[in-house]
Amino acid sequence: MISTTKEVNLNFKQFLLLLWSRKFIILFTTLFFIVVSISYALYLPNEYRSQAVVKLSQQHNSDMSSIASQYGGIAAAAGIDIPNSTSEKSENLAIEIIKSREFFKHLLTYEGVLPEIMAAKRFNFDNQETIFDEKIYRPEKKEWVRKPEPPFGIIPSYLEAHEVYLNEILTIFFDKKTNFITISITHVSPVFAEEFLALIINELNRLERETDLLKINKKLIYLEEQLNKFEIKGIQDSIFNIIETQLEKKMLTDISDEYFIEILDSPFIPEEKSSPQRSLIVILGSILGFIFSVTFIFLRNISNVKLETSL
């Protein structure tokens, strides 16, 4: 009987001798992958991440909850619906608005946003300006020159840009323990990353404030109409109180800049890149080259290496 362990050890020794005899192939193949990895790592532009931490503003939630608790019963009897603002406006709502196509479409109305998202190539630190890919966009003429395949047009649509926005630029994390929302923008320009993140926060607050002001005005008109329908003093007094509270809420809404979300940690211009991790790319490339060369040698010489064990 021939020992199985001895046979395996013998075959493994043969395999090591085979690799040693092909050491130059392994060396040059690994070096080739290293060179390619270095070239690829150097080709990738630096990207910078600006970040902000926010929380949902409690001002409007507490106002509406107070109204509902004090006058909800009488208002319901009068046919006046007072919604629970706490359930309407949540952290998830803020996140979904930021990620939504309609909100992003609004952001594109600001000059320069679309080219920065779809045509930015690198950042020039000397003049603090973005370098654009001139095969896509020419900033001196503000002209799109790309040649996309149908159904895409020369000027990127907001839907096409929205995909880039969600997949490559925007990152949102909600911490359920603290109820804090971390919003990050990654871009080749550290300046645009900070400016775009600030724009997102400011526009979210502004649009929500305008929407709620419109709702408040409609409620005030409705409440004033109800005064003429009810002659019962108790109900009229309750409606007057609700109107007074709505007017106070309108005043606070008008003067509040951080109406929907409050900034805990403001957006900043990053000084250090967040990606790419060039050293990691080179290490992975060298490992891949070594594995590829060893596998190639093994497959080409598999008939000369006995891996079977015999009894």
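Quick one: which residue in 279, 286, 293 is in contact with a Phe, Trp or Tyr (Cβ under 7 Å, 6 or more places away or on another chain), modelled with pLDDT of 75 or more and part of a helix (DSSP H, G or I)? Before the answer, list the steps.
Values: 279 fails: in contact with a Phe, Trp or Tyr (Cβ under 7 Å, 6 or more places away or on another chain); 293 fails: in contact with a Phe, Trp or Tyr (Cβ under 7 Å, 6 or more places away or on another chain).
Within the list 279, 286, 293, the selection yields 286.
Taking residue 204, is it assigned to a helix (DSSP H, G or I) and either open to solvent by less than 10 Å² (accessible area, probe 1.4 Å) or over 29 Å from residue 112 (Cα atoms) (or both)? Yes: the conditions hold for residue 204. Can you spot a residue in segment 179-189 that is open to solvent by 30 Å² or more (accessible area, probe 1.4 Å), touching a residue at least 40 places away in the same chain (Cβ under 8 Å), assigned to a loop (DSSP other than H, G, I, E, B) and over 16 Å from residue 270 (Cβ atoms)? Yes, segment 179-189 has at least one match. Restricting attention to segment 151-182, the residues that are more than 18 Å from residue 195 (Cα to Cα) and polar (S, T, N, Q) add up to 4.
Restricting 300, 278 to residues that are more than 36 Å from the chain's Cα centre (by Cα) and of a type in the set (Lys, Arg) narrows the list to 300.
Of all the residues in segment 116-165, those that are part of a loop (DSSP other than H, G, I, E, B), without any contact (Cβ under 8 Å) to a residue 40 or more places away in the chain, open to solvent by 40 Å² or more (accessible area, probe 1.4 Å) and of a type outside the set (A, V, I, L, M) number 17.
Counting only residues that are buried (at least 18 other Cβ atoms within 10 Å of the Cβ) and closer than 22 Å to residue 274 by Cα, which one in segment 3-48 is modelled with the lowest pLDDT? Among those that are buried (at least 18 other Cβ atoms within 10 Å of the Cβ) and closer than 22 Å to residue 274 by Cα, it is 37.
The values are calculated or read from the model by the stated rules, or taken from the named source; none is laboratory data. Everything numeric here is computed off the predicted structure, so don't read it as measured data. No Cβ is skipped: glycine too gets one built from the backbone with ideal geometry, and neighbour counts run over all protein chains shown. Please note that ligands, DNA and RNA were not included when accessible areas were found on the heavy atoms of the full protein model with its side chains. Shrake-Rupley method; radii C 1.70, N 1.55, O 1.52, S 1.80 Å.
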